[in-house]
Amino acid sequence: MGDPPNDWLFYFRGIPFMHQIYNTESLEKLEDFEVMDDDVFITTYPKSGTTWMQVLLSLVYVEGDESRVKDINNFDRAPWLEAMMNDVLNRKRPRLISSHLPFNLQPRMLREGKGKVIHVLRNPKDTLVSFYHFHKLTKFLESPSDFQTFIEQFIDAKVFIGSWFNHVRGWYENTHPNILHVTYEDMTNDLDDVIKKVCEFLGKSLTNQQVESVKHHSSFNVMRDNPKTNHSKVEIFDFEKGTFIRKGKVGDWKDYFTVAQSERFDDVYHESMVGLDLDFIWDL
Ligand code: A3P
């Protein structure tokens, strides 16, 4: 493991975290965090569709009432476990809690099956491209010098939250009934089906009209234009460099990877994910 990849990051149990947002003491305390039966965690590797699921679930909980996402910021509706503990503790139940932590750094009670988890995952080439742009946008991360360098940093786990391969394996291998796995590609392909599965998982029942409202207010264009969901008021981003709700496409990676880069990535992917029953949609 050695020294942290750069001055912007520090290691906690082998995983790189941003100095500006996280600290060792609060990460250590998470082991004993008290999980409630009705807690719902959204867990993701960064850039996999976290914000989209935060908005979708926020709406499902209020039967599609748009004021929930028009009036309240993402961070306040679904605070981050590892960075906003006081907000999490002050939330009214049922709590919606977001987390980028790998499975093994989650609270013990969650690992033992308490609460519910919706784990969102996305094909790693699109995740990587989105993360590349995110590094440029975020003031607290080193801006990558070029795309090729970033591919190697991503493969070598020298990015915030570390290895995509280990993160996804750690969550996906987990077949506990309290965990629902949802892919970004499924959300893009058939959001009705994802909403149905999410509602079944959470024991919610929505009318067709309420489902339409959830779909509308969590759609790419509506989220992009809503300051409470597009992060445009969040100070850690430099909006001269881009937008948070950026492109929202499956297969965007094709505009970035050369054939050689794609083949190299595929080799690493197949080697790292061997034995895992996981099929991504890479293009639509
Ligand atoms: P791109 O950078 O590829 O556009 P996260 O919330 O985990 O950080 O993920 C951000 C990614 O999800 C970004 O991907 C963003 O544009 C995309 N996204 C956010 N809301 C979306 C929506 N409603 N539909 C499709 N993609 C969405």
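The values are calculated or read from the model by the stated rules, or taken from the named source; none is laboratory data. Not measured: the values here are computed from a predicted model. Every residue, glycine as well, gets a Cβ built from its backbone with ideal geometry; the counts of neighbours run over all protein chains shown. These accessible areas exclude ligands, DNA and RNA; they are computed on the full protein's heavy atoms, side chains included. Shrake-Rupley method; radii C 1.70, N 1.55, O 1.52, S 1.80 Å.
Checked against (1) of a type outside the set (Phe, Trp, Tyr); (2) open to solvent by less than 10 Å² (accessible area, probe 1.4 Å); (3) within 11 Å of the ligand (Cβ to nearest atom), Ser58 meets all criteria but (3). Residue selection: Phe41 satisfies the criterion of being in contact with a Ser or Thr (Cβ under 7 Å, 6 or more places away or on another chain) and farther than 24 Å from Lys139 by Cα.
Can we say Ser145 is out of contact with any helix residue (DSSP H, G or I) (no Cβ under 7 Å at 6 or more places or on another chain) and within 16 Å of the ligand (Cβ to nearest atom)? No, not satisfied. In region 93-140, the residue that is surrounded by the fewest Cβ atoms within 10 Å (Cβ to Cβ) out of those that are free of Cβ contacts under 8 Å to residues at least 40 places away in the same chain and out of contact with any Pro (no Cβ under 9 Å at 6 or more places or on another chain) is Glu112. In region 249-270, what count of residues is obtained for those that are touching a residue at least 40 places away in the same chain (Cβ under 8 Å), within 20 Å of Asp186 (Cβ to Cβ) and either open to solvent by 100 Å² or more (accessible area, probe 1.4 Å) or within 11 Å of the ligand (Cβ to nearest atom) (or both)? Total satisfying the criteria: 5. Is there a residue in region 64-83 that is assigned to a strand (DSSP E or B) and either open to solvent by less than 60 Å² (accessible area, probe 1.4 Å) or over 30 Å from Ser213 (Cβ atoms) (or both)? Within region 64-83, one or more residues are assigned to a strand (DSSP E or B) and either open to solvent by less than 60 Å² (accessible area, probe 1.4 Å) or over 30 Å from Ser213 (Cβ atoms) (or both).
Can you tell me which residue within region 142-197, out of those that are of a type in the set (Gly, Ala, Ser) and closer than 17 Å to Leu276 by Cα, is surrounded by the most Cβ atoms within 10 Å (Cβ to Cβ)?
Once the filter is applied, the top-ranked residue is Ser163.
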